[in-house]
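K.L.:
Below you'll find the structure I mean.
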Amino acid sequence: MTDSTVDEVLAELAELEDPRMREVNARHGDDHGVNLTKLRGVAKRLKSDQELALRLWATDDTAARLVAILISKPRAFTPAELDEMLREARAPKVHDWLVNYVVKKGPHAEELRKTWLADPDPIVASAGWALTSDAVAKRPEVLDFPALLDTIEAEMKDAPDRLQWEMNTCLATIGIRRPELRARALDIGERLEVLKDYPTPPNCTSPFAPIWIGEMVRREQQAG
């Protein structure tokens with residue numbers, strides 16, 4: 001893979017830049033202005049290419065890193081590489097995509113979940129909680145649910161925003177997926193009132209855990 005290929009991808013992404021999109025993304029802490037549908041189109045054309053992915057990641061350009069994530073091979077990374085990448089992921093969207101599209105699909109999710117969950121950096125710890133929410137649904141046998149709920153109950157109220165969001169997601173996921181723990185999850189959510197007043201668009205479910213749990217359980221009951 002030559003550097004010119006990286007330059008070509010960067011040039012293509014630069015042509016897709018939309019100042020209005022950049023302004024919208026900036027409100028969420030993301031420093032790029034590329035429509036994500038168009039960005040996905042670039043990645044689809046490039047196809048899976050681990051070497052190019054690594055080179056694009058090294059540019060430190062947010063749009064290029066999003067493409068890098070989409071064309072990378074999740075099983076090709078070591079835990080140390082993924083840990084370094086997470087700590088380098090400045091933009092929230094890069095952080096989210098790295099966790100969801102690479103770490104969750106690779107063989108190191110559980111190892112990194114434990115490592116990141118205990119990290120003093122709240123941004124890194126939030127990735128651990130995101131992986132924990134995934135484990136609630138897919139690998140419940142690896143979790144200590146009473147301990148998780150104890151931690152959420154004690155720490156979520158005063159946690160930094162991003163960490164609080166992921167802890168709240170985990171609380172809601174436990175309430176939705178674990179009927180035997182639903183009453184406690186609802187009680188914690190009601191007492192802590194985290195995200196109770198979060199502005200929610202019409203036809204969207206509130207992230208306030210009691211409402212979120214109730215709505216998802218209702219849907220599952222209707223479907224079943």
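K.L.:
If you take just the helices (runs of 4 or more DSSP H) that sit entirely in region 77-163, which of them hold at least 2 residues that are acidic (D, E)?
P.N.:
The helices (runs of 4 or more DSSP H) meeting that bar are 79-88, 109-117, 145-155.
K.L.:
Quick one: R191 ticks every box in (1) surrounded by fewer than 13 Cβ atoms within 10 Å (Cβ to Cβ); (2) not in a helix (DSSP H, G or I) except a single one, so which number is it?
P.N.:
With respect to (1) surrounded by fewer than 13 Cβ atoms within 10 Å (Cβ to Cβ); (2) not in a helix (DSSP H, G or I), R191 is out only on (2).
K.L.:
Another question about this same structure. Under the condition of being touching a Ser or Thr at 6+ places or on another chain (Cβ under 8 Å) and aliphatic (A, V, I, L, M), which residue from region 69-118 is most open to solvent (accessible area, probe 1.4 Å)?
P.N.:
Among residues in region 69-118 that are touching a Ser or Thr at 6+ places or on another chain (Cβ under 8 Å) and aliphatic (A, V, I, L, M), the one most open to solvent (accessible area, probe 1.4 Å) is L117.
K.L.:
While we're here: So, in region 168-187, exactly how many residues are part of a helix (DSSP H, G or I) and surrounded by fewer than 23 Cβ atoms within 10 Å (Cβ to Cβ)?
P.N.:
12
K.L.:
Same structure again: Select, from E8, E23, E51, the only residue that is in contact (Cβ under 8 Å) with a residue 12 or more places away in the chain, assigned to a helix (DSSP H, G or I) and either under 21 Å from W116 (Cβ atoms) or open to solvent by 50 Å² or more (accessible area, probe 1.4 Å) (or both).
P.N.:
Step by step, each of E8, E23, E51 is checked, and only E51 is in contact (Cβ under 8 Å) with a residue 12 or more places away in the chain, assigned to a helix (DSSP H, G or I) and either under 21 Å from W116 (Cβ atoms) or open to solvent by 50 Å² or more (accessible area, probe 1.4 Å) (or both).
K.L.:
When the residues of region 105-125 are narrowed to those that are of a type in the set (G, A, S) and under 17 Å from E84 (Cβ atoms), which ends up farthest from the chain's Cα centre (by Cα)?
P.N.:
If we filter region 105-125 for residues that are of a type in the set (G, A, S), which is where we start, we get 106, 109, 118, 125.
With under 17 Å from E84 (Cβ atoms) added as a condition, the list becomes 106, 109, 125.
Values: G106: 15, A109: 13, A125: 12 Å.
So the residue we want is G106.
K.L.:
Also, I was wondering about something else. Being among the hydrophobic types (A, V, I, L, M, F, W, C) and open to solvent by 40 Å² or more (accessible area, probe 1.4 Å) is the filter here; which residues of region 119-136 pass it?
P.N.:
Answer for region 119-136, where residues must be among the hydrophobic types (A, V, I, L, M, F, W, C) and open to solvent by 40 Å² or more (accessible area, probe 1.4 Å): just I123.
The values are calculated or read from the model by the stated rules, or taken from the named source; none is laboratory data. What you see is a predicted model, and the numbers here were worked out from it, not measured in a lab. FYI the Cβ positions are ideal-geometry reconstructions off the backbone, even for glycines, and counts take in every protein chain you see. These area figures cover heavy atoms from the full protein model, side chains too; ligands, DNA and RNA do not enter into them. Shrake-Rupley method; radii C 1.70, N 1.55, O 1.52, S 1.80 Å.
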